[in-house]
Amino acid sequence: RKEVEQDPGPFNVPEGATVAFNCTYSNSASQSFFWYRQDCRKEPKLLMSVYSSGNEDGRFTAQLNRASQYISLLIRDSKLSDSATYLCVVNILGYQFYFGTGTSLTVIP
Amino acid sequence: ETGVTQSPTHLIKTRGQQVTLRCSSQSGHNTVSWYQQALGQGPQFIFQYYREEENGRGNFPPRFSGLQFPNYSSELNVNALELDDSALYLCASSPEVGAGYTFGSGTRLTVV
């Protein structure tokens, strides 16, 4: 069983739409959680950390549900520039980060 | 503040050869990790170095080895290259163990 599971998509949404990505993790000892964004043939870039209380950064909202071992990312008012692959990341042992396979998003004009 | 830099950006090697990839950490970051990303997959953890010591390793064979230097730069060495080693190799640094990473732009290795 994979440590982190994501729906690979692709998600194709019109500009201005709201889109949500989900991610589940298998290890209840997981310590910290992140969403990364990766553009085609580029390196992953940290989008935001995810906290149990939920956190928001502009149009992006991340939620963590430890009981269900579930992480989500909500993007409101989608922009063309949001088109990318979104990677769910879980830190289990302090040093080892497990990445999901990523969810592909294309925002259509 | 400089980010994480990796060299070379692209590399083609023959099966059975050895390769060394290099990484300079972001200023102030004493932890460096290496990841392998195959096409269509998420990055897979190879190992992490903290203050010149390996402090964690993923499910990779011993022919994958590394070093971290006093200035926190790092190398990834792969011996006896196999075709399946073809991937994007990412170096990532963080200011402390467990904190979010900053990734370099990667080295794309092709083994033929």
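Read-outs: derived from the displayed coordinates by stated rules, not from any lab. Keep in mind that what you see is a predicted model, and the values were worked out from it rather than measured. Please note: Cβ atoms are built from the backbone with ideal geometry, for glycine as well, and neighbour counts cover all protein chains shown.
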| Scan of region A:67-82 for residues that are in contact with an Asp or Glu (Cβ under 8 Å, 6 or more places away or on another chain) and surrounded by fewer than 19 Cβ atoms within 10 Å (Cβ to Cβ), ordered by number | A:Lys79, A:Leu80
| note | Taking region B:33-57 and the residues there that are without any contact (Cβ under 8 Å) to a residue 40 or more places away in the chain, facing chain A (nearest Cβ under 7 Å) and not in a loop (DSSP other than H, G, I, E, B), the one that is surrounded by the fewest Cβ atoms within 10 Å (Cβ to Cβ) would be B:Gly56
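State whether the residues of region B:75-82 include one that is in contact with a Phe, Trp or Tyr (Cβ under 7 Å, 6 or more places away or on another chain), buried (at least 17 other Cβ atoms within 10 Å of the Cβ) and either basic (Lys, Arg) or under 24 Å from A:Gln31 (Cβ atoms) (or both).
At the first step, the residues of region B:75-82 found to be in contact with a Phe, Trp or Tyr (Cβ under 7 Å, 6 or more places away or on another chain) are B:76, B:78.
Applying the additional criterion that residues be buried (at least 17 other Cβ atoms within 10 Å of the Cβ) yields B:76, B:78.
Within this subset, residues satisfying the condition of being either basic (Lys, Arg) or under 24 Å from A:Gln31 (Cβ atoms) (or both) are none.
No; the residues of region B:75-82 include none that is in contact with a Phe, Trp or Tyr (Cβ under 7 Å, 6 or more places away or on another chain), buried (at least 17 other Cβ atoms within 10 Å of the Cβ) and either basic (Lys, Arg) or under 24 Å from A:Gln31 (Cβ atoms) (or both).
Looking for whichever is within 11 Å of another protein chain (Cβ to nearest Cβ), under 22 Å from A:Glu15 (Cβ atoms) and touching a residue at least 40 places away in the same chain (Cβ under 8 Å) here; the options are A:Ser104, A:Ser72. Which one fits?
Numbers: A:Ser72 fails: within 11 Å of another protein chain (Cβ to nearest Cβ).
That would be A:Ser104, the only listed residue that is within 11 Å of another protein chain (Cβ to nearest Cβ), under 22 Å from A:Glu15 (Cβ atoms) and touching a residue at least 40 places away in the same chain (Cβ under 8 Å).
Scan region A:75-92 for residues that are hydroxyl-bearing (Ser, Thr, Tyr), over 12 Å from A:Gln38 (Cβ atoms) and outside any helix (DSSP H, G or I) and report the count. If you could, list the steps in order and put the result at the bottom.
The first filter runs over region A:75-92 and keeps only residues hydroxyl-bearing (Ser, Thr, Tyr), leaving A:78, A:81, A:83, A:85-86.
Cutting the leftovers down to over 12 Å from A:Gln38 (Cβ atoms) gives us A:78, A:81.
Pick out the ones that are also outside any helix (DSSP H, G or I) and you get A:78.
Residues that pass the stated criteria total 1.
Here's a check for you: in region A:22-37, which residue that is surrounded by fewer than 17 Cβ atoms within 10 Å (Cβ to Cβ) and more than 11 Å from chain B (Cβ to nearest Cβ) is nearest to A:Gly94 (Cα to Cα)?
Within region A:22-37, the subset surrounded by fewer than 17 Cβ atoms within 10 Å (Cβ to Cβ) is A:22, A:26-29, A:31.
Subsequent filtering for residues that are more than 11 Å from chain B (Cβ to nearest Cβ) retains A:22, A:26-29.
Working: A:Asn22: 23, A:Ser26: 16, A:Asn27: 13, A:Ser28: 14, A:Ala29: 10 Å.
Residue satisfying both the conditions and the ranking: A:Ala29.
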